[in-house]
Amino acid sequence: MKIGIDAISFDIPKLQLPIKDLAIARNIEPVKLEKGLGLLRMAMPDVHQDAITFAANAITKLVQQENLLPTDINRIYVGTESGMDASKPIASYLLAILENFFGENTMTHCDAVDLTFACIGGVDALQNCIDFVRLHPNQKAIVVCTDIAKYDLNSTGEYTQGAGAMAMLVAKDPKIISFNSKIATSAKGVFDFFKPHRIVKKEALGITNNKAWQGVLETEIEIFKEQPVFDGQYSNDCYVERTVEAYNRFKELTEIKATLYENWKAIIMHLPYSFQARRMFPEIYISDHPELSKEISKSDEDYFAKVKAFSKSDTYKAFIAERFAPAEKASSLIGNMYTGSIFMGLLSTLCYYAKTETDLTNTKLGFLAYGSGAKSKVFEGTVETGWKEAVAKTELFEVLEATTPINIDLYHGLHKKEISTSIVTPSKEWVLDSIEETEVNKLGARYYKYID
Ligand SMILES: CC(=O)SCCNC(=O)CCNC(=O)[C@H](O)C(C)(C)COP(=O)(O)OP(=O)(O)OC[C@H]1O[C@@H](n2cnc3c(N)ncnc32)[C@H](O)[C@@H]1OP(=O)(O)O
């Protein structure tokens with residue numbers, strides 16, 4: 001029995017900052033970001049948007065697009081690292097969103113939960129849902145990946161920001177792609193990128209005399225910042241270490257002695273920015289070619305210089321154009337979606353081949369997922385017969401072209417949350433309506449509404 005992704009949808013911000021404008025404002029050569037990292041635009045959430053609205057819009061589009069009934073949805077598993085609450089998962093908000101759509105008490109049968117492991121939480125959710133459908137072939141599950149990738153102003157992460165959500169229907173006999181049960185994992189507890197909770201004094205936040213916080217009795221408050229603590233170059237080292245190990249384990253698992261990736265029409269990796277995969281893959285490429293590994297050996301003193309030189313070779317450039325470029329297209333126009341990035345890479349690849357009239361049916365795609373902290377999972381999928389019609393429904397490249405550019409001042413205002421009116425008037429989408437003010441804490445329940 002085949003199991004996999006039967007339908008897919010996404011939601012991204014309507015606003016974007018041209019990366020050139022950010023580069024100029026930060027005194028960085030635009031060509032470094034455009035040609036070095038592959039960045040062109042950075043998706044920017046509007047005032048009324050958060051990780052829940054992106055998830056709500058992606059799942060609503062999926063339900064409408066596939067004419068799903070409540071009984072078609074037995075699980076909603078969310079991969080996210082942008083949870084709004086340490087107790088109530090985003091999945092719980094989505095149950096309410098779907099009840100609003102289908103009617104009261106229509107979703108009480110549905111299991112729902114969030115999974116968090118930085119950017120790989122969505123792959124963990126997918127793996128769980130595939131196993132669920134394997135056990136219950138007549139049931140379906142929805143995987144949602146939603147995040148806002150926000151970094152501190154002036155940090156090296158700033159130009160890799162982005163946001164958005166993916167929603168995928170997991171079912172038997174899938175139209176888009178099927179997966180077998182072989183998954184290789186490599187995991188190690190490290191601090192390359194994380195979002196610690198902090199205990200801070202009220203005075204330190206400057207809110208002692210702020211009316212809205214009068215009811216907060218404690219002098220110390222636990223907060224967490226949306227922006228991570230991270231070490232960029234170290235996070236790249238962790239990315240390479242984990243993906244190389246998981247890739248080699250996948251080779252052992254599948255007992256493939258030759259070059260594994262040659263079985264894959266495209267390689268879909270986690271893309272925190274467009275060129276991450278092409279920059280991180282050379283070590284795998286070299287280790288997978290015995291003749292190259294003899295020339296470029298890990299024991300060489302100048303190993304990294306040799307790897308870098310190889311990454312600029314014509315052989316490697318041709319390999320990039322064939323296996324990575326289709327997935328990079330959407331990433332360069334959105335930026336990092338954290339958990340959604342790998343699945344946006346999949347959608348970008350499929351939409352690119354649909355546009356170029358290439359038939360991918362029965363071809364294999366390789367997946368190298370990564371989440372900081374750190375974990376990699378490697379697996380492969382087979383493209384199914386209905387893929388072209390299924391991905392055409394998303395109108396990915398048309399949606400990407402219809403975004404609204406903002407200027408650097410507006411970007412600063414949105415980043416610092418100094419703007420209170422939406423830049424683009426919401427239409428046919430879920431928006432954040434209000435945040436309840438409770439007696440003891442300003443931050444109470446969050447309420448959402450659909451704007452028709
Ligand atoms: C969150 C995760 O997924 S963990 C894995 C990734 N980590 C992150 O995303 C954390 C947040 N991001 C960051 O910290 C940073 O943006 C990083 C680490 C991704 C990039 O760091 P930077 O110091 O800005 O860039 P770095 O020096 O590594 O690379 C710049 C690239 O531009 C190239 N470049 C620089 N100037 C130019 C130029 N004028 N013309 C063309 N290319 C240029 C460089 O050669 C280099 O590419 P190469 O290594 O392929 O040759």
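This ranking places Y370, Y447, Y285 by how few other beta-carbon atoms lie within 10 Å of each, fewest first, which gives Y447, Y285, Y370.
Sorted fewest first by neighbouring Cβ atoms within 10 angstrom, S235, S181, S420, S372 come out as S420, S181, S235, S372.
Cα convex hull, the chain: 155 Å³ per residue, rounded to a whole number.
Under 12 Å from a point 7 Å along the Cα-to-Cβ line of L153: which residues of the stretch 40-64 have their amide N that close? Output list for this probe position: empty.
Our note on the geometry: Cα centres of the stretch 17-47 and the stretch 239-294, 28 Å apart.
In the stretch 85-101, which residues have a backbone nitrogen under 14 Å from the label point lying 7 Å from D111's Cα in the Cα-to-Cβ direction? Zone members listed by number: none at all. Here K32 is the anchor, and the lysines within straight C-alpha reach of less than 21 Å, apart from those fewer than 8 places off in the same chain, are K20, K150, K308, K312, K317, K329. By the count of other C-beta atoms within 10 Å, a proxy for reagent exposure, H289, H270 are ordered fewest to most as H289, H270.
Taking only complete DSSP H runs, can you tell me which helices of the chain stretch 20 Å or more along their own long axis by Cα positions and average at least -1.0 on the Kyte-Doolittle scale? Answer set is 51-65, 121-135, 341-355. According to the calculation over all Cα-Cα pairs in the stretch 296-438, the P(r) per 5 Å bin from zero is 2, 7, 11, 14, 15, 14, 12, 10, 7, 5, 2, 1, 0 %. Rounded to the nearest 20 debye, the dipole size of the chain about its Cα centre is 560 debye, using +1 on the Cβ of Lys and Arg and -1 on the Cβ of Asp and Glu. In sequence order, the stretch 150-166 has phi-based couplings of 10, 10, 4, 4, 6, 8, 6, x, 4, 7, 9, 6, x, 6, x, 9, 10 Hz under the Karplus curve 6.51 cos²θ - 1.76 cosθ + 1.60, θ = phi - 60°, and Gly or Pro positions carry x.
Amide H contacts of Q16 (H built 1.01 Å from N, in plane; Pro and chain starts excluded): M44, T404, I406 sit under 5 Å, all sequence-distant by 5 or more or on other chains. The Cα center of the stretch 375-452 and the Cα center of the stretch 319-342 differ in position by 18 Å. Close amide H contacts of A163 (hydrogens built in the peptide plane, cut-off under 5 Å, sequence separation of 5 or more or a different chain): A43, A149. Taking amide H as placed 1.01 Å from N in the peptide plane, the amide H of I76 sits under 5 Å from that of D111, A112, V113, I142, each at least 5 places away or on another chain.
Computed FRET efficiency, Cβ-Cβ of E226 and K32, R0 30 Å: what is it to the nearest 0.05? For R0 = 30 Å, the calculated efficiency reads 0.70. Here the stretch 46-70 is scanned for amide nitrogen atoms under 14 Å from the site 7 Å beyond the Cα of A402 along Cα-to-Cβ, giving 61. With viscosity set to 1.306 mPa s and temperature to 10 °C, compute the Stokes-Einstein D of the stretch 1-148, Rh being the Kirkwood radius across alpha carbon pairs; µm²/s, no decimals. Stokes-Einstein gives a translational diffusion coefficient of 94 µm²/s. What the phi angles of the stretch 375-381 give under the Karplus curve with 6.51, -1.76 and 1.60, with θ = phi - 60°, is a coupling list of 8, 10, 10, 10, 7, 9, x Hz, glycine and proline written as x. In sequence order, the stretch 262-273 has phi-based couplings of 5, 6, 10, 5, 9, 10, 9, 10, 5, 10, x, 8 Hz under the Karplus curve 6.51 cos²θ - 1.76 cosθ + 1.60, θ = phi - 60°, and Gly or Pro positions carry x.
Each value in this text was obtained by applying a stated rule to the coordinates, not by laboratory testing. Keep in mind the model is a prediction, meaning the values are calculated, not measured. Quick reminder, even Gly has a Cβ in these numbers, built from the backbone with ideal geometry, and neighbours come from all protein chains shown.
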